[in-house]
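We did not get these values from a lab; they are worked out from the coordinates using the rules stated. Small disclaimer: the values here were computed from a predicted structure and weren't measured. Here the Cβ positions follow ideal geometry from the backbone for every residue, glycine too, while neighbour counts run over all protein chains shown.
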Amino acid sequence: MNPFFRFINSSVGKKIVMSLSGLFLSIFLVEHLAGNLLLLKGDNGEAFNGYAKFMGGNPIVRTMEIGLLGLILLHIVNGIRIWWENRSAREKGYGAYKIQENTTLQSRMMKLSAALVLFFLTVHMRTFWVSARILGEHDIAAIVYAQFQHGVYVLFYLVSLTIVGYHLRHGFQSAFQTLGLRTKKYQSLIEFVSVLFWFVVPAGFAFIVLFIYFTGGSPVVSVQ
């Protein structure tokens, strides 16, 4: 087997791939938030629809989008592999597997939050991405505005964003620990950057959702 593939299939390699893929996906969230902020422009969604059209029609962006989906799948599959290997190792080491005794609360919560984030991502993509990329809808902004007028969906979205924030917070800690960067020298910088990702970004998405819910997507004063 190629040394590279042998490494990424090793226990350490899988954890490094998990960390790097998680960090790249976190960076994507910043770009995604920047695009979604166009929904607040007060132009009936024209700027956002222009952005969505560009993202859907540019071949370079579409190629990057396929890579992003591959990265998401890689992150999910790697997470499942690490979970399964850890579980198998514990079962061999203990006559009776007792999850409460053999895993930390944070570890169990990360697994639960990962499953919930995956469910949220599936619903989110089915609602918006499929409409834009598969069904060929042109007025995606109208779909977003309409969807976030439903209180139940808004509540689901806000709860999901809270779970995403929790997953990102502990994921960042684990990622930097795995990469050997969580040292006293860089601790303050890492904490600052991680707050931007696990708190500011989800809070930005939540603000957009609440703004649309209470205003219908039309600011009192339009941005020119």
- request: Only Cα pairs under 8 Å and at least 6 apart count here; give the relative contact order of the chain as a rounded whole percent.
  value: 36
task: Sort the following peptides by mean Cβ neighbour count (other Cβ atoms within 10 Å, averaged over residues), highest first: 38-46, 121-129.
output: 38-46, 121-129
task: Could you please state, rounded to a whole Å, how far the C-alpha centre of region 1-61 is from the C-alpha centre of region 180-199?
output: 21
task: Tell me the trypsin sites (Lys or Arg not before Pro) within region 162-202 that lie in a loop according to DSSP and have at most 12 other beta-carbon atoms within 10 Å.
output: LYS184, LYS185
statement: From DSSP H assignment alone, runs of 4+ in the chain each adding -39500 (n - 2.57), the sum over residues rounded to the nearest 500 puts [θ] at 222 nm at -24000 deg cm²/dmol
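I need the helices of the chain that pass two filters: whole DSSP H segments spanning 24 Å or more by Cα along the axis, and mean Kyte-Doolittle score no lower than 1.6. Walk me through the numbers on the way to the answer.
Details: long enough: 11-36 (37 Å, 1.06); 59-93 (51 Å, 0.26); 105-124 (28 Å, 1.15); 151-178 (40 Å, 0.74).
Flagged H segments: there are none.
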task: Springs between alpha-carbon atoms under 10 Å, Gaussian network over the chain: tell me which of PHE192, PHE48, PHE207 tops the mean-square fluctuations.
output: PHE192
statement: For Cα extents along the principal axes in Å the list reads (1) 62, 38, 38; (2) 58, 35, 33; (3) 75, 48, 34; the calculated value is entry (1)
- prompt: Restricting to lysine pairs 8 or more places apart or on different chains, what number in the chain have Cα atoms under 19 Å apart?
  reply: 4
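Can you compute the charge dipole magnitude of the chain about its Cα centre, using +1 on each Lys and Arg Cβ and -1 on each Asp and Glu Cβ, nothing else charged? Give it in debye, rounded to the nearest 20. Let's see the in-between values first.
On the way: 19 positive and 10 negative charges, 220 e Å.
In total the dipole reaches around 1060 debye.
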